[in-house]
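A short worksheet on the structure shown next.
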Amino acid sequence: MVESRLFKPLKIGNVEVKHRIGMAPLTRRRATRDRVPTPMMKEYYSQRASVPGTLIISEGVLVSPSGAGGFAHVPGIWSQDQVAAWKTITDEIHRKGCFVFCQLFAMGRAGDVETAQKEGIDIIGPSAIPLAKGAPIPRAMTITEIRQMTQDFATASENAVKAGFDGVECHGANGYLLDQFLHDTSNQRNDEYGGSVENRSRFLSDVMKAMVDAIGPERVGLRLSPWSSFQIVRMENPIPQFTDVVNKASKLNLAYLHLVESRVDGAVDCETEAPERLDFAYDIWDKPLLVAGGYKLANAQKLVDEEYPNKDIMVIIGRHFVSNPDLVYRFKEGLKLNAYNRDTFYVVESSVGSSEVAILRSQDALRMPAIESTKAETRWTTRIVPVVLAVAVAYATYVVVARVCVKYLLGSLDETGAAIAILVLYFFFFLFMISTYARTLYHANFNPGVVPLGPRAVERQKAMGEKRMMQSYGTDDVEGRAYGAGPSNDPDSPGLECFYSRDAFVCEPDGRPKWCSECCNWKQDRVHHSREIGRCVHRMDHYCPWAGGMIAENSFKFFVQFTTYTASFCAVVLGASAYVLRRQVQLGASPDSYLIAVIAIAAFFGLFSFFMTVTAVRYILLNMTNVDILSFHQKVYHLAVRVPRGTRSDRFGVIVYPLTMRGTSSHSRMSGKYERAGQQSGDLSATSRDDLATRTFAVLETNPGENPWDLGYRRNWQSVMGTNPLDWLLPIRHSPCTNHENSESIYPMDCILDQLRSRYGLPTGPPSDENTVMEMRGLRS
Ligand SMILES: Cc1cc2nc3c(=O)[nH]c(=O)nc-3n(C[C@H](O)[C@H](O)[C@H](O)COP(=O)(O)O)c2cc1C
Ligand SMILES: [Zn+2]
């Protein structure tokens, strides 16, 4: 437990936070095209509200359609739908004992032309000065437009309060519209909004006043990035300009001032470590200060405990909060942080990444032990087999090098060329065999793609101590029983969001995902429970005693490479020894018994690995695993496929996510029964705000023997082996299919989805935005 002022409470406006680590505004682009927040966003914020008393600043939220200026999938807060959907999120954050301010902004000249065109609006700015060479030239705003935008910020503030936010943050940072007015490099107006320090501050100052008038100063904060050159050309000396702004904010008595350190530019680190200081602003401001930019536990502590022990500073963290939803907890306990992955920051509408969810749910993922079989015999086999293999390889090396090459080919037979050829081939395959074996061994044992246990399973495991939890729960990994002991009937049952935030997933006939009653967890597509190790595994193939671990998604590619190289290695040993043996027989010498023994061994292992290779390659080409192939011809999959809201049919059932709480809803969306069309009538009339943020799925059945993941030989091959022939040969990069960031489904299944949609008379492709708009209208009317 870390001791620091960081963990002391602080009053900010009307809220009293329990510690001084806040979440930074982070644009994630997960709203709909109509800028309505999605259920996935609710889950995302809910996870980050995991430590009560945390202050969260929302991602940048656009104040009005004209201020939107093109940034697709960024949320807004002007329409009823948007306010309603935000309310579900703020309610959730409050339910978890946390607080949330809404960051309000307008793009100005930073807008994207294509999006702006689609939305029928102009790219505007203080002056007709583009962001950079080649960027769109903004149209200078008229005075009327500036006044309208000022009003838009006030209206958005009121809407934010209606949506349940504890306050709003005026986004005057990072080169967006308000910041553009501050810098003389982007504002060269000669009216009352430009030309002097005072005039350049006017727009931001008017906006702050309007916001304060609308909702009160204790609910308004201000964010500035005086030293940033992100989306802006920094003015020569920003201090006078920003001093003026901070003075004005101070007079307005705002709840807080939020400053970005010079060591970051937007969302990336600068080369130099904080060369410019924020002291000029610290000196003016005597209320709570929020400070962001490159903070981790150590420098955050230093800032609040050593550098400014007399200031009320809250440290705001951005990127680490993306990959560590439980960041505050980790800071408190001094735990290691997960690395963030920049590639997932702005993936439009993508699920926030199931890994992020998994991390939160399972602290045990942090200290995952090496995977071992639950069966004693297997554990022993696992220990003995590598020794046997090592002895066999050592013996083969001795025979091939010392006897075949040195003694016979170089010695008595005098065939130098053949000896060199054999040695080169031998060591080539030897090297590849060993390296692919090492790679397989590592992943099969330490990184097999195990799914973290659900909370109840973690408790059960604790209760049972170190005893292996499997014995009493032994079942087959082949799905059959739907819910066994049953998932909790809590519709918020953690993990469901990983499913309904995508467009399709494998489900039970009732539309809920499959459930593992041993791991107490929802099973994502192609997750199977392994009896051998007592855990659920992604794209499980088989437990391999040779590798002493689980061959599954993470290791399958290396495993195939290993069997291929082993077969080739055995062929070399066999060929070389047989050749020399034949020569000996031809020359009438008595055959060397070492050679005969090594031929037998190489033939045995060679044939074995050859057949393994053939089987594995077949699986790869069919996109199957050892598990899928069982009873494959009769197997029928149920798939939940997203459809426009309100879709009905007698041919399939539908299920609406998120599921509603049992007993609190007038309509039964769940409890094990999905609705058949026509059975429920009142559903659509229930225009509670939650309905605006729901997703509807049709439950469709495949034909027996249809493989949902079959994408054709070529794509099947590439999904496991990679697109580049070098990847096929070298045991370096992981299979592309191990990346689960696809927003449609965990593993691509576009072929089957198209077929199913047309088979069931549904529009092809994921539901379009027109549909969503119509759904919205349908709900409102
Ligand atoms: C993915 C991402 C999105 C961001 N979106 C916003 C935003 O909407 N508004 C904003 O003021 N800053 C935004 N920022 C900047 C962060 O709020 C923060 O200032 C920056 O990441 C530095 O903090 P860090 O070093 O803790 O990540 C974003 C940063 C990242 C990484
Ligand atoms: Zn399981």
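Read the figures in this text as sums done on the coordinates, not as results from a lab. Just so we're clear, the structure is a prediction, and the values are computed from it rather than from any experiment. With ideal geometry, Cβ positions are generated from the backbone for all residues, glycine too; neighbour counts draw on all protein chains shown.
Normalising by the residue count of the stretch 5-350, find the relative contact order in percent from Cα pairs under 8 Å and 6+ residues apart. Computed value for the stretch 5-350: 18 percent relative contact order. Name all residues of the stretch 551-587 having a backbone nitrogen under 20 Å from the label point set 7 Å from the Cα of ALA394 along its Cα→Cβ direction, giving them as ranges. Hits in the stretch 551-587 for ALA394 at 20 Å: 570, 573.
With 0.36 nm allotted per residue and the present C-alpha distance subtracted, the GLU276-ARG383 stretch has 32.6 nm of extension available. A simple spin-label model places pseudo-atoms 7 Å from Cα toward Cβ; at ASP650 and CYS751 they are separated by 3.4 nm. Computed extension length for ARG29-GLU333: 106.3 nm, one decimal, from 0.36 nm per residue of separation with the Cα-Cα distance subtracted. Full extension from SER631 to TYR594: what is 0.36 nm times the residue separation minus their Cα-Cα distance, to one decimal in nm? Gain on extension, SER631 to TYR594, equals 8.8 nm.
Partners of LYS635 within straight-line reach, counting lysines whose Cα lies under 19 Å from its Cα and excluding those fewer than 8 residues away in the same chain: LYS514, LYS523.
Sorting 532-541, 373-382 by average packing, meaning the other beta carbons within 10 Å per residue, from highest down gives 532-541, 373-382. The simple spin-label model puts a point 7 Å past each Cα toward its Cβ; for TYR760 and GLN461 those points are separated by 3.5 nm.
For the stretch 184-281, the list of trypsin sites (Lys or Arg not before Pro) that fall in a loop by DSSP and count at most 16 other C-beta atoms within 10 angstrom reads ARG277. Residue pairs exceeding 29 angstrom between C-alpha atoms, taken from LYS96/LYS118; LYS42/LYS296; LYS209/LYS287: LYS96/LYS118. Under the simplified labelling scheme, the VAL424-ASN237 pair shows an inter-label distance of 7.2 nm, with each label point 7 Å from Cα along Cα→Cβ.
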